[in-house]
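These notes are about the structure you will find just below.
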Amino acid sequence: HSHPRAEVFRVVRGIYRFRCGDEEFDAPPGTVVVLPPHVRHSWRNIGDEPGQMFAIVTPGGFEQLFLEIEASGAEMPDEIALIEDRLGIINDETLALNR
């Protein structure tokens, strides 16, 4: 996905595989990753234990996505895609739904 905000992650537990643009790398605990705005990126825990990260998104407001998903009861990708559209988030997974 991509969006107009920068993100900073600090891996606390687990090993995460990040993709930022064309670059892919693994991040063990203690790693700090900075993802710039407007660049497609993703991450997933590839370790055997549950993962945990601390995230900062700037400028603020990205939390609105999670608040709106909860308030609306949206569960299906097409419902979430409407909220993402409104907030300027481009999500490759929901784009595949021909929204």
- Item | Helix 63-72 vs. the chain, principal-axis angle (Cα, 0 to 90°, nearest 10) | 50 degrees
- Please identify the GluC sites (Glu not before Pro) of the chain that satisfy two criteria: DSSP loop assignment and at most 12 other Cβ atoms within 10 Å. Which are they? GLU75
- Folded to 0 to 90 degrees: helix 77-87 orientation relative to the chain principal axis, Cα: 90 degrees
- Message: If you take every residue apart from PHE25 with its C-beta less than 10 Å away from the C-beta of PHE25, what net charge results, scoring Lys and Arg +1 and Asp and Glu -1?
- Response: -1
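Rule-based calculations on the coordinates, nothing more; no lab input. Because the structure is predicted, anything quoted here is derived from the model rather than measured. Glycine also receives a Cβ, built like all others from the backbone with ideal geometry; neighbour counts cover every protein chain displayed.
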